[in-house]
Structures are given as structure tokens and as C-alpha cells.
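Before any comments, here is the structure.
The values are calculated or read from the model by the stated rules, or taken from the named source; none is laboratory data. Note that this is a predicted model, so its numbers are computed, not measured. Glycine also receives a Cβ, built like all others from the backbone with ideal geometry; neighbour counts cover every protein chain displayed.
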Amino acid sequence: MEAELIDLEAGRLLPARDQLDDLLDRAHDHAEELGCADAVTAVRDLSRATGAMWQRRMAASEGLERLVQSLIARFGDTGGRG
């Protein structure tokens with residue numbers, strides 16, 4: 001979400017998060033009509049606190065070893081699903 005993407009209407013690069021916010025704003029009323037406004041809110045929340053952001057914060061505060069241990073605990077046993 002830190003990237004910049006081409007905004008075809010503006011003809012310039014804009015932050016991806018800003019573009020996503022604009023899209024979600026435009027989709028909100030439709031999502032409410034369809035009963036899925038909570039999903040739109042969840043997407044916005046996810047864009048504010050991505051897994052990469054969490055990993056960087058944890059590595060800075062607790063160190064890389066603790067981060068790796070946490071990731072292994074969370075994702076290490078995939079039950080043979082890769």
C-alpha cells in the first residue's frame with residue numbers, strides 16, 4: 001500500500017492507498033445495498049495495517065528472531081497445503 005499507481009483520469013502517479021480509498025468511497029453505497037458494507041470497511045482497515053507493516057514493527061521492537069518465530073507459529077504448519 002506504500003506504492004504509487006497510475007491514475008488514468010489524473011494522468012499521474014498517486015498513492016495506492018489514496019486510490020483504494022477513493023474506490024471504496026464510491027463502492028460504499030452499493031455495498032450497503034448489497035449487505036456487504038462490513039467487507040468494504042474490512043478492506044479499508046486492512047490497507048491501514050498490512051502484514052508488512054506489522055512485520056516491520058515487530059522486527060524493530062522485538063528483533064528478527066522473534067518475528068521469524070512468530071511467523072513460523074502462525075504459518076509454519078500448513079497441514080501439507082504448501
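Things worth noting here:
- In the range 44-59, residue modelled with the lowest pLDDT [restricted to those that are within 17 Å of residue 19 (Cβ to Cβ) and of a type in the set (Lys, Arg)]: 48
- Flag for residue 73 being farther than 20 Å from residue 2 by Cβ, assigned to a helix (DSSP H, G or I) and not polar (S, T, N, Q): yes
- Every residue from the range 8-23 that is in contact with an Asp or Glu (Cβ under 7 Å, 6 or more places away or on another chain) and in a helix (DSSP H, G or I): 16, 19
- Residue that is farthest from the chain's Cα centre (by Cα) [pool: residues in the range 1-37 that are closer than 30 Å to residue 67 by Cα and acidic (Asp, Glu)]: 4
- Scanning the range 49-82 for residues being exposed (fewer than 12 other Cβ atoms within 10 Å of the Cβ) and within 17 Å of the chain's Cα centre (by Cα) gives a total of 3.
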